[in-house]
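Peer 1: I have a structure I would like to understand better, so I am pasting it below and will then ask my questions one at a time.
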Amino acid sequence: MGDYKMFEILIELDVEEFVISRRVLISERILLCDLHNIIQILYGWKGYHLHQYITYKKNEMSTVYFDKENEFYDRPYKLTKNLRIDEFLNENRKCEYIYDMGDYWVHKLKLINVHPNPIGVNKVLCIDGKNDSPPEDVGGIGGYLYFLEVLSDKEHPDYNHLKTWATMMKTPKLNINSINKKLVKQYK
């Protein structure tokens with residue numbers, strides 16, 4: 001399989017009352033622009049919102065990365081195109097992935113370890129996870145906590161409406177086997 005390495009990355013989405021996490025092994029050869037697709041699969045989202053990566057140095061924002069030119073961002077930034085995850089993570093052991101600028105889901109990414117790669121060049125594998133993901137367009141952390149509160153009380157006046165909406169939105173449930181099937185299909 002060569003001398004390729006796997007990066008073990010912990011991804012955490014803090015929603016105040018608990019953390020929604022995924023631990024993943026990613027080949028060093030995966031491009032940073034593909035990490036967006038991987039996170040979308042890990043969290044069961046559809047990927048139709050804007051996203052960005054932010055790195056920090058000494059607790060201050062250092063660099064912002066976008067997948068394509070961003071005419072609305074008025075500060076210097078870098079593009080993810082052709083930037084491999086090993087180049088990005090070797091320099092930035094911690095960073096953030098922001099998804100959906102309206103709901104503003106801040107995922108903290110942390111490089112946990114680097115392993116030999118026994119599963120191939122362009123491979124990805126979810127090895128752990130905690131808690132279900134919020135549905136798309138739920139309204140950020142506040143909206144998600146309200147959503148959970150309503151769905152835990154069948155007598156709540158918004159229960160039927162949100163239950164129907166959640167079914168229509170196909171609220172993502174944590175299922176590592178299903179996640180890995182999707183990852184294998186996309187990253188053979």
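The values are calculated or read from the model by the stated rules, or taken from the named source; none is laboratory data. Being a predicted model, the structure only gives us computed values, none of them experimental. A quick note on method: Cβ atoms are made from the backbone with ideal geometry, for glycine too, and the neighbour counts reach across all protein chains shown.
So that you can scan it fast, the table gives a plain yes or no per residue for (1) touching a Leu at 6+ places or on another chain (Cβ under 9 Å); (2) closer than 30 Å to Leu125 by Cβ:
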position: Tyr146; (1), (2): yes, no
position: Ser152; (1), (2): no, no
position: Pro157; (1), (2): no, no
position: Asn160; (1), (2): no, no
position: Met168; (1), (2): no, no
position: Lys173; (1), (2): no, yes
position: Ile179; (1), (2): yes, yes
position: Leu183; (1), (2): yes, yes
position: Gln186; (1), (2): no, yes
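Peer 1: Can you spot a residue in segment 43-62 that is under 18 Å from Leu183 (Cβ atoms) and free of Cβ contacts under 8 Å to residues at least 40 places away in the same chain?
Peer 2: yes
Peer 1: Also: So is Tyr48 among the aromatic types (Phe, Trp, Tyr), within 24 Å of Lys185 (Cβ to Cβ) and in contact with a strand residue (DSSP E or B) (Cβ under 7 Å, 6 or more places away or on another chain) or not?
Peer 2: Working: among the aromatic types (Phe, Trp, Tyr): yes; within 24 Å of Lys185 (Cβ to Cβ): yes; in contact with a strand residue (DSSP E or B) (Cβ under 7 Å, 6 or more places away or on another chain): no.
Considered against the rule, which asks whether it is among the aromatic types (Phe, Trp, Tyr), within 24 Å of Lys185 (Cβ to Cβ) and in contact with a strand residue (DSSP E or B) (Cβ under 7 Å, 6 or more places away or on another chain), Tyr48 comes out as no.
Peer 1: Consider segment 63-86. How many of its residues are touching a residue at least 60 places away in the same chain (Cβ under 8 Å) and acidic (Asp, Glu)?
Peer 2: The initial filter retains those residues of segment 63-86 that are touching a residue at least 60 places away in the same chain (Cβ under 8 Å), namely 85-86.
Subset that is acidic (Asp, Glu): 86.
Number of matching residues: 1.
Peer 1: Right, next: Sort out for me the strands (runs of 3 or more DSSP E) sitting completely within segment 1-117 that have 1 or more residues that are within 11 Å of the chain's Cα centre (by Cα). Reasoning before the result, please.
Peer 2: Details: elements: 5-14, 19-27, 51-57, 60-66, 94-99, 105-116.
Strands (runs of 3 or more DSSP E) meeting the threshold: 5-14, 19-27, 51-57, 94-99, 105-116.
Peer 1: When segment 170-184 is examined, which residues are found to be loosely packed, with under 15 Cβ neighbours inside 10 Å and either modelled with pLDDT under 95 or among the basic types (Lys, Arg) (or both)? Please lay out each step first, then the result.
Peer 2: Within segment 170-184, the first condition is being loosely packed, with under 15 Cβ neighbours inside 10 Å, and the residues that meet it are 170, 173, 175, 177-178, 181, 184.
Within segment 170-184, Lys170, Lys173, Lys181, Val184 meet the criteria.
Peer 1: Then there's this: If I filter segment 63-106 down to residues being in contact with an Asp or Glu (Cβ under 9 Å, 6 or more places away or on another chain) and basic (Lys, Arg), which single residue comes out as surrounded by the fewest Cβ atoms within 10 Å (Cβ to Cβ)?
Peer 2: My answer is Lys81.
Peer 1: Just a yes or no: is a residue in segment 164-185 polar (S, T, N, Q), assigned to a helix (DSSP H, G or I) and either in contact (Cβ under 8 Å) with a residue 60 or more places away in the chain or in contact with a Ser or Thr (Cβ under 6 Å, 6 or more places away or on another chain) (or both)?
Peer 2: Let us first name the residues in segment 164-185 that are polar (S, T, N, Q), namely 164, 167, 171, 175, 177-178, 180.
Restricting the remaining residues to those that are assigned to a helix (DSSP H, G or I) gives 164, 167, 177-178, 180.
Now narrow it down to the ones that are either in contact (Cβ under 8 Å) with a residue 60 or more places away in the chain or in contact with a Ser or Thr (Cβ under 6 Å, 6 or more places away or on another chain) (or both): none.
Looking through segment 164-185, none of the residues is polar (S, T, N, Q), assigned to a helix (DSSP H, G or I) and either in contact (Cβ under 8 Å) with a residue 60 or more places away in the chain or in contact with a Ser or Thr (Cβ under 6 Å, 6 or more places away or on another chain) (or both).
Peer 1: Does segment 139-155 contain at least one residue that is part of a loop (DSSP other than H, G, I, E, B) and either in contact with a Phe, Trp or Tyr (Cβ under 6 Å, 6 or more places away or on another chain) or touching a residue at least 40 places away in the same chain (Cβ under 8 Å) (or both)?
Peer 2: Within segment 139-155 (the criterion being part of a loop (DSSP other than H, G, I, E, B) and either in contact with a Phe, Trp or Tyr (Cβ under 6 Å, 6 or more places away or on another chain) or touching a residue at least 40 places away in the same chain (Cβ under 8 Å) (or both)), the answer is no, since none of the residues qualifies.
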